[in-house]
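The structure appears below as structure tokens.
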Amino acid sequence: MHRTHRRPASRALAAGALSLALLSAGSAGAFATEAKPKPSPSPSAMASITIKPSATSVNAGGSVTFTGRTQGLKVGWPLVLQHQKAGKWIPLKATTKTKNGSSYSLTAKLNTVGTEHLRVSAVGKKVYSPAVTVNVT
């Protein structure tokens, strides 16, 4: 039987073509990975509320004014004061809206004797101020 020498050449050509295909597929995947845009955070993730009480101790029936600033909320967004009771945050009747300059101010009458844990919440969003403590005597 007589063999031709074309077989080694065709094997080399096939191996070269396979290598080129693998390299180009790998580099295309690398370029695709680099080109992916980073997801931007949701608006509520960027929103925040600060809080400062006018007093940290008050007599029962006394009023405390809470002031602060918001970030990431539109002017006119409704805010509500909440207090913690039995581990749950309960809205109080003290409400306001964000003003120009992203500030707010609201006054609440505190009647329950004891330590009140309070925060401000953006209505309809999961955005809250840090909790503050006011002692009611």
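Computed from label points 7 Å out along Cα-Cβ, the spacing between residue 115 and residue 74 is 4.0 nm. Distance between the modelled labels on residue 95 and residue 107, one decimal in nanometres: 1.9 nm (7 Å Cα→Cβ projection).
Report the net charge of residues surrounding residue 100, where surrounding means a beta-carbon distance below 15 angstrom and charges are Lys +1, Arg +1, Asp -1, Glu -1.
Numbers: positive: 69, 74, 97, 99; negative: none.
Summing Lys/Arg as +1 and Asp/Glu as -1 gives +4.
Sequence-ordered 3J(HN,Hα) estimates for region 92-109 from the Karplus curve with 6.51, -1.76 and 1.60 and θ = phi - 60° stand at 9, 7, 7, 10, 7, 10, 5, 9, 4, x, 6, 9, 8, 8, 8, 10, 10, 8 Hz, glycine and proline given as x.
As a quick test, which of the pairs 52/85; 52/74; 85/125; 74/109; 52/97 have an alpha carbon distance above 18 angstrom in this structure? Listed pairs above 18 Å: 52/85; 52/74; 85/125; 74/109.
Among residues other than residue 64 with Cβ under 14 Å from its Cβ, the summed charge is +3 (Lys and Arg +1, Asp and Glu -1).
Were the residues from residue 125 through residue 84 laid out at 0.36 nm apart, the gain over their Cα-Cα distance would be 13.0 nm.
A short reminder: the numbers here are calculations on the coordinates, not readings from a lab. Just so it is clear, the structure is predicted and the values come from calculations on it, not from any experiment. No Cβ is skipped: glycine too gets one built from the backbone with ideal geometry, and neighbour counts run over all protein chains shown.
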